[in-house]
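Enquirer: Please see the structure below; I have some questions.
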């Protein structure tokens, strides 16, 4: 079975020629056997960070330790990692078997062991019948399984995944996510996975690392990041539909602290001055005595719920409501907020009280 290894990044930075700072002072500890997902919008630095761990990009500053060994200057082939790419990167003239065998041959793994490893992994991934086919005779999902198999037979200390499912259709992506999770549970190898898809991050990761502009914004278990976002960016990035934001002020008076805006007045603890309330669409409920009045613009039926989109004062809101008939444009709905689900952010976007 594969060995396991911790990965330690300390103040890791990457500046490209021309001065672009892609990764800035990233510190992260990844434990043995952990599945960590780096997520963020395009250009946030997640792929550059992954490629530095792989040794495919030089480190500008900071350090990378794998299994307790400093690898800043260690060539990729000596880092005992395996990488799965977005574009599969299979050799087109080789069969699936030869693609999977190639790295083992380079490492001088004995022939019998090569065969047994390939057959075992092919069985695990459901690709045994594809071993004698070339990539051109396979679907995208089959090619991705072969690419995955090629990485697994290596039995590396660390798997690195660079958006491996982004070229697949939605149904296959969901299926492959479930298979990756099952596979990780079985094999247990330390894994670092890059995606821009927050749903993928939430479903796959033991921990999720949210990045923006080259910096780590928050790192935590998926439901902690969802339930206690560190700042407005994380709150807006994690969750679908995205969190609603209402800008206003915290004001003190009559011995109370209140959030005041043209859409909402509600008790809220925080420093006096500009502030923003965040409410997830799924935490809004129909309530005749609720503090929000939504003027409906559009209803989007989803089967088990309806996304109702409209305005509250100057704010645009989405409410995901269950067990209702889709309201019509121009309807007014009174909405309440589920207890203990509201988020408050200060003028800088930092979470207050979480």
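Derivation of every value follows stated rules applied to the coordinates shown; laboratory data play no part. The model shown is predicted, which means the values in this text are computed figures rather than measured ones. Glycine gets a Cβ as well: all are built from the backbone with ideal geometry, and neighbour counts include every protein chain shown.
Enquirer: By how many nm would the segment from residue 325 to residue 69 grow when fully extended, if each residue of separation counts as 0.36 nm and the alpha-carbon distance is taken off?
Expert: Value of the extension gain: 86.1 nm.
Enquirer: Can you give the relative contact order of the chain as a percent, counting alpha carbon pairs under 8 Å and 6+ residues apart?
Expert: Dividing the mean separation by the residue count of the chain yields 16 percent.
Enquirer: Further question on the same structure: Figure the gain on full extension for residue 98 and residue 352 (residue separation times 0.36 nm, minus the Cα-Cα span) and round it to one decimal in nm.
Expert: Length gained, residue 98 through residue 352: 85.9 nm.
Enquirer: Return the single residue from 310, 330, 149 with maximal mean-square fluctuation; model: Gaussian network over the chain, springs between Cα atoms under 10 Å.
Expert: In the Gaussian network model the winner is 330.
Enquirer: Let me ask you something else. Quick one: among 18, 103, 290, which has the greatest mean-square fluctuation in a GNM of the chain with alpha-carbon springs under 10 angstrom?
Expert: Comparing 18, 103, 290 in a Gaussian network model of the chain, the most mobile one is 18.
Enquirer: Taking Cα centroids, how far is the stretch 168-210 from the stretch 303-346 in Å?
Expert: Answer, in whole Å: 30.
Enquirer: For labels at residue 332 and residue 300 in the simple 7 Å Cα→Cβ model, what's the distance in nm?
Expert: 2.6
Enquirer: Can you figure out the FRET efficiency of residue 206 with residue 11, using R₀ = 25 Å and their beta-carbon distance, to the nearest 0.05?
Expert: Step by step, r from the Cβ atoms, then E = 0.60.
Enquirer: Quick check: pseudo-label points 7 Å beyond the Cα along Cα→Cβ at residue 223 and residue 260, how many nm apart are they?
Expert: It works out to 3.9 nm between the two label points.
Enquirer: Mind sorting out which of [x] 20.0; [y] 15.6; [z] 21.7 is the real mean projected area of the Cα convex hull in nm² computed from the coordinates?
Expert: Working out mean projected area of the Cα convex hull in nm² from the coordinates points to [z].
Enquirer: When the chain is treated as a GNM, springs tying every alpha-carbon pair under 10 Å, which of 74, 260, 209 comes out with the largest mean-square fluctuation?
Expert: The residue with the greatest mean-square fluctuation here is 74.
Enquirer: Label-point separation (nm) for residue 311 and residue 20, each offset 7 Å from Cα along Cα-to-Cβ?
Expert: According to this spin-label approximation, the distance is 3.9 nm.
Enquirer: Using 0.36 nm times the number of residues separating residue 133 and residue 91, minus their current alpha carbon distance, what extension gain do you get?
Expert: 13.9 nm
Enquirer: What is the stretch 57-183 by shape, rounded, prolate or oblate, if you read a ≥ b ≥ c off the alpha carbon gyration tensor as root eigenvalues and call it rounded for a/c under 1.5, prolate for a/b larger than b/c, and oblate otherwise?
Expert: Taking the square roots of the gyration eigenvalues as a ≥ b ≥ c, the stretch 57-183 is oblate.
Enquirer: Nearest 5 is fine: what % of DSSP beta bridges in the stretch 7-236 come out antiparallel, could you say?
Expert: 50
Enquirer: Rounded, prolate or oblate for the stretch 58-116? Axes are the square roots of the Cα gyration tensor eigenvalues, ordered a ≥ b ≥ c, and the cut-off for rounded is a/c under 1.5.
Expert: oblate
Enquirer: Let me ask you something else. Based solely on its DSSP helices, what 222 nm [θ] is calculated for the chain when runs of n ≥ 4 H residues each add -39,500 (n - 2.57) and the sum is averaged over all residues, nearest 500 deg cm²/dmol?
Expert: For the chain, the value works out to -7500 deg cm²/dmol.
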